[in-house]
Structure formats: C-alpha cells, structure tokens
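Below: one structure, written as structure tokens.
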Amino acid sequence: MNETLTTPSPSSRTRAYRKPRNVFGMVLFYAVISLYAFLLMLPLLTLLSVSFRTDGDVFAPGVFPPHPTLEAYQTALAKYPLARFLLNSLAVSTLVTLGVILVSSSMGYALARVKFPAARAIFGLIVVLLLMPGEVTFLPLFLLVTRLGWSDTFWALTVPFIASPIGIFLMRQFMMALPQELFDAARMDGAGHLRQLWYVAIPLSLPALGALGSLTFLSTWNMYLWPLIVTNSKEMQTAQIAVSMILNDESTRWNVVAAAAIFVLLPTLLAFLIAQRAFVRGIAMGGLKG
C-alpha cells in the first residue's frame, strides 16, 4: 500500500503563522488604548475622589477617599449660588447652539445649493475667518457690545457667537456631498429653496447637525474669557467664572473646589453622552468632505 504524504500549502502555513500574530497584535493594541484611556481619565477620577474627601484627607494617598463624605458638595451649594451659575451657562449654551444650527444650516445650504455671484467671495471670507484666532476679535466685539448697551446681558453672551465660521463651513461641505437628484426631484415638485432646505437638506444633514450642536454646546459651556469680560454682576456670570471665583475664595479647601468643578463638569458630560452617537456618526459620514 502506497501512502501519500500531504504537505500543507504555503498559503495555509502563512495563515497558521499569521493568526497568532494577529491575536497578539490585537491584545497589544487594546492594552495600549486602555492604558491611554486610563491616563486620560485619571485627572477626572482624582477630581472626583477629592470632592468626596474631608479637609484633612485631601492630600491622603490613594485613589479612593479614606472617609467618603458629601460635606464638600453641601458647602459648595450652601455658600455659593451654583444653581444660578449653572442655569446661566445652560441658557447661554442652548441659545447659542440653536442659533448656530439655524444660521449654519441656512448659510451652508445657500453656499452649496444656491447660485449667486458673491458665493465664492463669501465662502473665501469664511475660510479666512477660520484661520483667524478668536482673541483677535475680542476687542472689536467688546466695543460693539458696549456701544449697543448689551453689557451684562444675555445678548452679549449669545449674539456674537451665533454666526459660526466652522459651522457654516461644515454644513456647506456636507450639503455639497448630498445627491443632486434629490434636489432636482424636489424642484420638479414645485419646492422652492426654503422647502428644499427644510424637507431635503436638513433631514439628510442631521448627523452633521448633531456633531455641530455637540461641539457648539461644549465650547460655549466652557467659555471663560468672554463671559468674564462682558459680565459684571453675579446674576449674569456663568459656571466657568463660578469655578474661578470659588478657587480664589477656597484656596485652602480643595475638596470644595473639586465639588464645584464636578457640578460644572456634569452637564457637559451628560450632554456628550446623550449626543455621542450623533457626534461620532456626523464625523464618520464625512462632514468635512467635498
């Protein structure tokens, strides 16, 4: 009886050697990513731990507080009007976000789908504004707000940021990539530009609008320098100014400062978690392509 010896083909040997290497590479990749995520979360975990510590345990070693307590949170709420500061930031961030979405979607549609002579010039101006640092416009904006009598009002905190160059640029690029056939079909049905914007462009641009709204809300909530300049009374100050004020008053009680910072950080964290899917989807669908 003749026995035939079968030798594995080169391709099968390659697959056999490649699989363990792929598994090792995946494990190493996720280990590095997990370590990096932990390092990013470490300051937040430290802040949270300090907020639950007593005055004597602030500098105690260890990640977990030795004697957990809510005393710092109670002190921060009783001594400072944090609810008012948080309400001001919530109102300003919401109004600016809605204004940016409205202006950016309408301007983006006009620059992408409406043919008029000054379209290229306006888009070029928007690109130039993207390259300009925000600090350059602080003095002209402050002088304009002062002359209009808007100092220490919600007008000063919201109106200057409703027209966002990055928002207009993002929506213009996104709407440029939408299928032209849909707009042609809507035009054949008698829809004008307003109907095309409302019934065609905006529904198809919801991922980009979600990403834009998330970025706008977070950036507006974290504004510090502009509210510090245009507000004078505590009734109009925002949450970021509150953290700075508490830091100056409670320079020796870091647990109270940490508790106030957690109060200020919590709304933005919840907003990002709620809008995370829309944010990631808007970026993944190529909102900056075109």
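Any read-out appearing in this document is the output of simple, stated calculations on the displayed coordinates, not a laboratory observation. All values derive from a computational prediction rather than experimental measurement. Quick reminder, even Gly has a Cβ in these numbers, built from the backbone with ideal geometry, and neighbours come from all protein chains shown.
Over the range 19-71, what portion of Cα pair distances is larger than 18 Å, expressed as a whole percent?
Cα-Cα pairs in the range 19-71 separated by more than 18 Å: 51 percent.
In the chain, once you exclude exposed GluC sites (Glu not before Pro) (DSSP loop, at most 12 other Cβ within 10 angstrom), what's the longest stretch remaining? The partial results should precede the final answer.
Numbers: sites that count: 3, 235.
It works out to 4-234.
Just tell me the longest site-free run in the chain, where the sites are trypsin sites (Lys or Arg not before Pro) in a DSSP loop having at most 11 other beta-carbon atoms within 10 Å.
Of all site-free stretches, the longest is 116-288.
Mind putting together the pair-distance distribution for the chain? All Cα pairs, 5 Å bins, whole percent per bin, short to long.
Pairs per bin, as whole percents: 1, 5, 9, 10, 11, 11, 11, 10, 8, 7, 5, 4, 3, 2, 1, 1, 1, 0, 0, 0, 0, 0.
Below 8 Å, C-alpha to C-alpha, sequence gap of six or more: please give me the relative contact order for the chain in percent.
It comes to 28 percent, rounded to a whole number.
Cα centroids of the range 188-256 and the range 86-111: how far apart, whole angstrom?
So the separation of the two Cα centres works out to 8 Å.
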